[in-house]
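The values are calculated or read from the model by the stated rules, or taken from the named source; none is laboratory data. These numbers come from a predicted model, not from an experiment. Positions of Cβ are generated from backbone atoms using ideal geometry, with glycine treated the same way; all protein chains shown enter the neighbour counts. Ligands, DNA and RNA are excluded from the accessible area calculation, which covers all protein heavy atoms including side chains. Shrake-Rupley method; radii C 1.70, N 1.55, O 1.52, S 1.80 Å.
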Amino acid sequence: MSPLLLQLIIIILLANLLHLSISFTNTKFMMSPTAAAQHRSSLTTHPLRSSSSSRSSSSDIAISGPVYTFGLLTDIQHAPIPDGHSFTGNARYYRHAMEAASFAAQHFQEECVDCVVNMGDIIDGKCADVGRWGGDVDATAADEVETNSDKISVGHDAIDNVLQSLSVYNGPILHTYGNHELYNLSRERLKEKLGIPFTMEDTGDLVGYYTCLIENRNQNKNVEQSSSSSMKLRALVLDTYDLCLLDRCPESSHKRHRAHEILSANNHNYPKEENSPEGLEGLSRRFVGFNGGIDEPQLEWLRQTLEMARASGEKVIVFSHQPIHPKSTWPTCLVWNYEEVLDILRSYSDVIIASFSGHAHKGGYVRDEESGIHFRSVEAVLESSPPIRTYAIVDVYEDKLVIRGEGDCLSDVYDLDHTKVDVRV
């Protein structure tokens, strides 16, 4: 080969390498404004996974867009105190949790989700005594004012601050509540701040369970990504602190009396150590004071609501603070009378897509063998270290749920073939 021909070949090879380098550089740095907005360098997004319980895979996701999309948050537990630990030693990031909630709300807004569901514990119980936990206490907070058995304190400001952080999302937010709200505020105050439609039962006790149809906001989305499905989706929010000790009058509350009886019969540590499961075994560890149960009027409402949904051709997703299925959570987080609730849900497996809950912090999942219903405990915002922000976006298709987990929240795909079976008697 002549030297001239060899030089020509080398020049051509160098030119091709230069072209590839320029192309790669442009691809990496010349993002569109939309792509740049979605690029989150500090965010961990878990890839979709499939499991034998889900009986689906990420490759099965339909090309057309989802029928509904909603955001999920749970256990934010913000408090104006330094980072600390749970009583069992798990690290907690009280201030970062609010920043993470704000970040999630911005993502929900960008995605134009149909609604957001906050599954409770929006603030931490330590707001009731921030001085003890190293927080700054101003003169106003130090001089607590009591009104209607409620303390105007740090907890009020903390919940307002979290709600302000979430307000960047301009769609509907469905709230439930957990034990930590009740360490700080009365149910009357929660009704004002969170918009939970508490009602008073014949016993004189307030309860906060409710239901609504999720409005499809496709008109605000890219038409090409929208679905033409006629599917109707109902959110059903349970109050798992219906029967409980918290914020119930010891003298006059029927529900507190019932809670007292339940704990007295099932936890030898009660009442001296009402929150301790020490010495309890297996599922009996659920009988602690930071949990609760569901009373008969709510159980009957649950039956009637599911029957109405079935008659109307609706699908239902159940939301609650406490988990309902024993295999989806730690025993210490389970609803006291989970068996009664689970029996009802199993009777409507043709209607119920899934049940989502919080409270357990580390998350959990099971597909109920008897009914096929998916039970998911969602990972807590509180226990993700900076800069991780934990939450989820859920896409609802006709035949599957796609969980897009962010931060420490695991992604998954749940098959909905169980809803095709007619279980009516």
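Here are some notes:
- Count - residues of the range 237-258 that are out of contact with any strand residue (DSSP E or B) (no Cβ under 8 Å at 6 or more places or on another chain) and part of a loop (DSSP other than H, G, I, E, B): 10
- Conditions (1) touching an Asp or Glu at 6+ places or on another chain (Cβ under 7 Å); (2) within 17 Å of A235 (Cβ to Cβ); (3) open to solvent by 50 Å² or more (accessible area, probe 1.4 Å); number of the one not met by G313: (1)
- Among the residues of the range 372-415, those identified as surrounded by fewer than 20 Cβ atoms within 10 Å (Cβ to Cβ) and closer than 20 Å to R310 by Cβ are E398, D399.
- Test: T140 is part of a helix (DSSP H, G or I) and at pLDDT below 90: yes
- Condition check for E273: out of contact with any Asp or Glu (no Cβ under 6 Å at 6 or more places or on another chain) and under 22 Å from T88 (Cβ atoms): yes
- Each residue in the range 206-221 was checked for being more than 17 Å from the chain's Cα centre (by Cα), in a strand (DSSP E or B) and either modelled with pLDDT under 90 or buried (at least 18 other Cβ atoms within 10 Å of the Cβ) (or both), and 2 pass.
- Among the residues of the range 348-361, the one identified as without any contact (Cβ under 8 Å) to a residue 60 or more places away in the chain and within 24 Å of S86 (Cβ to Cβ) is A360.
- All conditions in (1) crowded, with 22+ Cβ neighbours inside 10 Å; (2) modelled with pLDDT under 90 hold for D242, with the sole exception of (2).
- Residue in the range 289-308 that is under 15 Å from T332 (Cα atoms) and open to solvent by 70 Å² or more (accessible area, probe 1.4 Å) present: no
- Reported count of residues in the range 366-409, each being in contact (Cβ under 8 Å) with a residue 60 or more places away in the chain, part of a loop (DSSP other than H, G, I, E, B) and under 25 Å from R346 (Cβ atoms), is 4.
- Among the residues making up the range 79-104, those that are of a type in the set (G, A, S) and either surrounded by 22 or more Cβ atoms within 10 Å (Cβ to Cβ) or not in a helix (DSSP H, G or I) (or both) are A79, G84, S86, G89, A91, A97, A100, A101, A104.
- Criterion: free of Cβ contacts under 8 Å to residues at least 12 places away in the same chain and within 21 Å of L245 (Cβ to Cβ) - qualifying residue of P331, P271: P271
- Some residue of the range 339-352 being of a type in the set (F, W, Y) and either open to solvent by less than 20 Å² (accessible area, probe 1.4 Å) or assigned to a strand (DSSP E or B) (or both): no
- Total residues in the range 169-200 satisfying the condition of being open to solvent by 30 Å² or more (accessible area, probe 1.4 Å) and either small (G, A, S) or assigned to a loop (DSSP other than H, G, I, E, B) (or both): the figure is 5.
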